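Comments concern the structure below.
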Amino acid sequence: MSIGAPVIVWFRQDLRLADNPSLAAAAESGRPVIPVYILDQTSGVRTPGAASLWWLDKSLAALGRDLAAVGSRLILRRGEALAVLQDLVQATGADAIHWNRLYDGGSVERDKAIKARMTDLGVAARSFSASLLNEPWEVATGAGGPFKVFTPYWRAARARIGHLEPLAAPKRLTSPAAWPDSEPLPAWRLHPSAPDWSAGFGDWRPGEAGAWDRLTRFLDAAVDGYGEARDLPGARGTSRLSPHLAFGEIGPRQIWAAAHSAVARGAASEGQVEAFLRELGWREFNHHLLFHQPRIVTENVNRAFDAFPWRSDPEGLERWRRGQTGYPIVDAGMRELWATGWMHNRVRMIVASFLVKHLLVDWREGEAWFWDTLVDADLANNVCNWQWVAGSGADAAPYFRIFNPVLQAERFDVDGVYVRRWVPEIANLPARRLLQPWAADGPTLAKAGVVLGRTYPAPMVDHALARARALKAYEELTG
DNA sequence: TGAAATGTTGGGGCG
DNA sequence: ACGCCCCAACATTTC
């Protein structure tokens, strides 16, 4: 029998072999498969930040190895996606292109244009669902519109999810008669150099195998304490799956199925697993919002916030970025982010609240910094969570909900383990002063080797004053 | 998936 | 013994 024309499988944010419908469909066709990753330079599609590029470098290497293990390879190209794909079609004689869907406005527009152009060329472009439990258009309110509030969204979305059987990875892929050119991965220089600030990223293992390792360890050991431990940044109570999810090294259907089977075999209680899966629900909800409101990426959902009196404060912004605000829990979070490419979720809320409400800096500035420094940077999650904290989002926290960084630290970092880990210069302070060094008396500071304003900054704003200022700014907004 | 201000209650010290 | 006051402790409301 004829092996037929090759199928191009275009990998994007789905860097895995298992439960990958676009790849599975290509493999089942029995035709030659050409796996491709394009470092896309299409305008309107946001380019990954520096930390994401670090991850991408390792993840692509892993995907290349995993493809080699099933007799295939990964073709690497740079450029505008449409142009690259046309070139590949011409070079290989492929008559079909498969991909898994993305949901941000720029990608949707790009993919639509590519599908139209390919159809004109007689190439079948097929898109699949791989990254979400529900497609954003499948979940609708009684009135038929998109949801704007999480709780009713999740109730409706959850009810649609039955028993899931994730797809197995293909065992063998057919090679084309001739492979198209591929660029060497090192030539992309995704790993930072001069300086290489990624020394602290060693805890991560990008790639599909690393993702499964995280998931199974979490389900075997940590998930049963999830409800309580997930909010404690000093504990390892969260799954840390976020970067793996962001790159699609593992998909939500696989996590869903594995979590339910952990309940079934008695390894975890139903309630704890529900709390964990609810976080997947937030991810779904954010993608739902992004799809239905693509402008959410740059514009306030609540347009009243267009008139918000944000302060221009480059110096303050820089102190926040570097973890030099003088509030230990804020500084600990920002330093964890810089050092490891990741920050505990509870602390993300605290530092975001601090930037937006204590410093009155536009949420887009914080969003941009997170985008550049997080290995798990995901457009939907990043943008929606920042708008949620700022109060400008759809189902946002009310603006008057202002975190007190000291109270938050006392509640969630009781023993100060987290702060001591990331702000070592104050680690010798006693517990009752560690989270607010400015309240310590002279002898206590001296004994701990702390000189406020020299070895550790004095608080850059007073909490009570900043709170009053933020409430006043909000008052201006509502009239 | 807050915090602070304000209001209420009830136990106990004390004249 | 009794009432007054103080002030935790908790509840409610306000931002």
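Selection of segment A:422-446 for residues being assigned to a helix (DSSP H, G or I) and either out of contact with any Pro (no Cβ under 9 Å at 6 or more places or on another chain) or among the aromatic types (Phe, Trp, Tyr) (or both) yields A:Trp422, A:Pro424, A:Glu425, A:Ala431, A:Arg432, A:Arg433, A:Trp438, A:Ala439, A:Gly442, A:Pro443, A:Ala446. Evaluating A:Pro459 against the criteria (1) under 16 Å from A:Phe305 (Cα atoms); (2) in contact with a Phe, Trp or Tyr (Cβ under 7 Å, 6 or more places away or on another chain); (3) more than 16 Å from DNA strand C (Cβ to nearest atom) leaves one unmet condition, (1). Whether any residue in segment A:348-371 is touching a Pro at 6+ places or on another chain (Cβ under 7 Å), more than 16 Å from DNA strand C (Cβ to nearest atom) and in a loop (DSSP other than H, G, I, E, B) is what I want to check. Checked against the condition, which is being touching a Pro at 6+ places or on another chain (Cβ under 7 Å), more than 16 Å from DNA strand C (Cβ to nearest atom) and in a loop (DSSP other than H, G, I, E, B), segment A:348-371 yields no hits at all. Among the residues of segment A:179-196, which ones are surrounded by fewer than 18 Cβ atoms within 10 Å (Cβ to Cβ), at pLDDT 95 or above, among the hydrophobic types (A, V, I, L, M, F, W, C) and not in a helix (DSSP H, G or I)? Passing the criteria: only A:Trp179.
Mind telling me which of the residues A:Ala396, A:Ala473, A:Ala409 ends up being under 26 Å from A:Glu336 (Cβ atoms), within 16 Å of DNA strand C (Cβ to nearest atom) and small (Gly, Ala, Ser)?
Being under 26 Å from A:Glu336 (Cβ atoms), within 16 Å of DNA strand C (Cβ to nearest atom) and small (Gly, Ala, Ser) holds for just one of A:Ala396, A:Ala473, A:Ala409, which is A:Ala396.
Going through (1) without any contact (Cβ under 8 Å) to a residue 12 or more places away in the chain; (2) among the hydrophobic types (A, V, I, L, M, F, W, C); (3) within 16 Å of DNA strand C (Cβ to nearest atom) one by one, A:Val451 falls short only on (3). In segment A:221-251, of all residues being more than 15 Å from DNA strand B (Cβ to nearest atom) and β-branched (Val, Ile, Thr), the one that is modelled with the lowest pLDDT corresponds to A:Val223. Of all residues in segment A:110-158, those satisfying the criterion of being in a strand (DSSP E or B) and surrounded by fewer than 16 Cβ atoms within 10 Å (Cβ to Cβ) are A:Ala124, A:Arg126. Would you pick out the residues in segment A:1-38 that are under 24 Å from the mean Cα position of the chain (by Cα) and part of a loop (DSSP other than H, G, I, E, B)? Those that are under 24 Å from the mean Cα position of the chain (by Cα) and part of a loop (DSSP other than H, G, I, E, B): A:Arg12, A:Gln13, A:Asp14, A:Leu15, A:Arg16, A:Leu17, A:Ala18, A:Asp19, A:Asn20. Here segment A:417-435 is the region considered, the condition is being in contact (Cβ under 8 Å) with a residue 40 or more places away in the chain and not aliphatic (A, V, I, L, M), and the residue that is farthest from A:Leu477 (Cα to Cα) is A:Arg421.
Taken together, the residues in segment A:321-330 that are assigned to a helix (DSSP H, G or I) and closer than 17 Å to A:Glu425 by Cα amount to 4.
Among the criteria (1) in a loop (DSSP other than H, G, I, E, B); (2) over 21 Å from A:Leu379 (Cβ atoms); (3) in contact with a helix residue (DSSP H, G or I) (Cβ under 7 Å, 6 or more places away or on another chain), the one A:Arg311 does not fulfil is (3).
Only one entry of A:Ala397, A:Ala380 meets the criterion of being farther than 20 Å from A:Gln324 by Cα, in contact (Cβ under 8 Å) with a residue 60 or more places away in the chain and either surrounded by 22 or more Cβ atoms within 10 Å (Cβ to Cβ) or outside the structural domain of A:Phe147 (by TED's automatic domain parsing) (or both), and that entry is A:Ala380. Taking A:Val375 as the residue in question, decide whether it is surrounded by 24 or more Cβ atoms within 10 Å (Cβ to Cβ), assigned to a loop (DSSP other than H, G, I, E, B) and away from DNA strand C (no atom under 16 Å from the Cβ). Yes, satisfied.
The values are calculated or read from the model by the stated rules, or taken from the named source; none is laboratory data. The shown structure was predicted, so the numbers you read here are calculated from the model rather than taken from an experiment. Because the Cβ atoms are built from the backbone with ideal geometry, glycine has one as well, and the counts that use them run over all protein chains shown.
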